[in-house]
Amino acid sequence: MKIILASKSPRRQELLEMLGFEDFIVIPAGDAEAVKAGLTPEETVCEIALRKARSVKLRTRGDNLIIAADTLVYLAGTCLGKPENKQDAKRMLMSLSGKKHTVYTGVAVIRGDRELCSAEASDVYFRELDESEVEAYIATGEPMDKAGAYAAQGLGALFVRRIEGDFFNVMGLPICRLGLMLKEFNLGVL
């Protein structure tokens with residue numbers, strides 16, 4: 001059995017390596033981001049994660065275990081995806097300033113005909129930000145490929161007062177939930 005990570009995210013790759021998976025294969029999923037309107041945040045991230053896993057399954061052969069994930073940031077009912085440009089990143093970060101938002105990650109695990117998908121939610125509290133520090137942060141380039149325009153495991157940690165829930169969820173792969181899902185496939189991490 002091969003383990004395939006359906007993601008090009010370096011953070012997700014690092015987290016799988018942290019769990020002791022050293023010989024997994026990375027096959028990025030195609031564009032699976034569009035979903036129908038009216039879904040809850042949990043349904044949205046699960047739908048996208050499943051699409052990613054299924055698209056990689058269609059391109060591979062053999063007895064593979066495929067792991068896919070999708071992360072979205074929600075603030076007051078609005079989804080904050082990856083910023084389109086620096087101005088969009090600034091808008092997102094300033095909107096998060098001094099507020100609580102929720103990070104949702106959907107994780108899909110597929111092997112053969114069996115599919116599991118589950119979502120994790122973590123609340124993140126930002127301190128008050130000023131424009132100059134937001135602009136300096138954007139100049140580092142770090143926020144440009146991150147949902148919500150920040151990386152809690154990077155310099156974006158300077159903005160985070162507190163996290164309630166799984167920290168690794170905020171990084172893009174809820175480790176505790178993934179571990180429980182892998183046990184369902186008789187693949188224990190410990």
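Once both labels are modelled 7 Å past Cα along the beta-carbon direction, what's the residue 43-residue 135 spacing in nm?
4.3
Using Cβ contacts closer than 10 Å as the measure, can you line up 43, 22 from fewest to most?
Ordered by Cβ neighbours within 10 Å, fewest first: 22, 43.
Compute the relative contact order of the stretch 40-133 as a whole-number percentage, counting only Cα pairs closer than 8 Å that sit 6 or more residues apart in sequence.
The normalised contact order for the stretch 40-133 reaches 35 percent.
Kindly write out, for the stretch 171-177 in residue order, the coupling ³J(HN,Hα) from the Karplus curve 6.51 cos²θ - 1.76 cosθ + 1.60 (θ = phi - 60°), rounded to whole Hz, with x marking Gly and Pro.
3J(HN,Hα) across the stretch 171-177, in whole Hz: 6, x, 8, x, 4, 4, 5.
Would you mind computing, in nm to one decimal, how far apart the modelled labels at residue 167 and residue 97 are, each placed 7 Å from Cα along Cα→Cβ?
2.7
Please compute the contact order of the chain in relative form: average sequence separation of alpha-carbon pairs under 8 Å and at least six residues apart, divided by the residue count, as a percent.
Reported as a whole number, the value is 21 percent.
At what distance in nm do the modelled label points of residue 61 and residue 189 sit from each other, each positioned 7 Å from its Cα along Cα→Cβ?
Each label point is offset 7 Å from its Cα along the Cβ direction, giving 3.3 nm.
Report the FRET efficiency, 1/(1 + (r/R0)^6), for residue 158 and residue 1, where r is their Cβ-Cβ distance and R0 is 35 Å, rounded to 0.05.
0.25
Does a label point 7 Å from the Cα of residue 19, set along Cα-to-beta-carbon, have any residues of the stretch 139-174 with amide nitrogen under 16 Å, and which are they?
Under 16 Å, as judged by backbone N against the label point of residue 19, lie 166-174 of the stretch 139-174.
Kindly provide the helix-only [θ] at 222 nm of the chain, computed as the sum of -39,500 (n - 2.57) over DSSP H runs of four or more divided by all residues, to the nearest 500 deg cm²/dmol?
-9500 deg cm²/dmol
Using the count of nearby Cβ atoms within 10 Å as a rough guide to exposure, how do 55, 7 rank from fewest to most?
55, 7
Provide 66, 175 in ascending order of the number of other Cβ atoms located within 10 Å of each residue's Cβ, fewest first.
The fewest-first ordering by Cβ neighbours comes to 175, 66.
Bear in mind these aren't lab numbers, they're just calculated from the coordinates by the rules spelled out. Keep in mind the model is a prediction, meaning the values are calculated, not measured. Ideal geometry is used to build each Cβ from the backbone, glycine not excepted, and the neighbour counts take in all protein chains shown.
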